[in-house]
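The values are calculated or read from the model by the stated rules, or taken from the named source; none is laboratory data. Because the structure is predicted, anything quoted here is derived from the model rather than measured. All Cβ positions, even for glycine, are placed from backbone atoms using ideal geometry, and neighbour counts span all protein chains on display.
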Amino acid sequence: MNKKYLKDSNVTIREFYSSIPMKTWMERQEDIADAMNCHFVEKLRYGGRANGKRIVMVTAKGRKTVSRGDLYDDEF
């Protein structure tokens, strides 16, 4: 429905209609980020009080790396 780029930043705001419940969107948020090669700047939210089917995504390019702690090699 709508896609905007914020000036002087790497942030994209997408608004669209969906009949899929918000709970499903929240559960699949990491899968969406992997498929789109982006990371979420804000949590997913509803777009308006009058229409609960509008979803708003605020994302930026690239995936954030997951910290896995220090890696050690015990065999020398």
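Some values worked out for this structure:
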| quantity | calculated |
| --- | --- |
| Residues being modelled with pLDDT of 80 or more and either hydroxyl-bearing (Ser, Thr, Tyr) or under 22 Å from residue 6 (Cβ atoms) (or both) - total across the range 36-76 | 21 |
| Complete set of residues in the range 1-53 that are hydroxyl-bearing (Ser, Thr, Tyr), in contact with a Phe, Trp or Tyr (Cβ under 8 Å, 6 or more places away or on another chain) and assigned to a strand (DSSP E or B) | 12 |
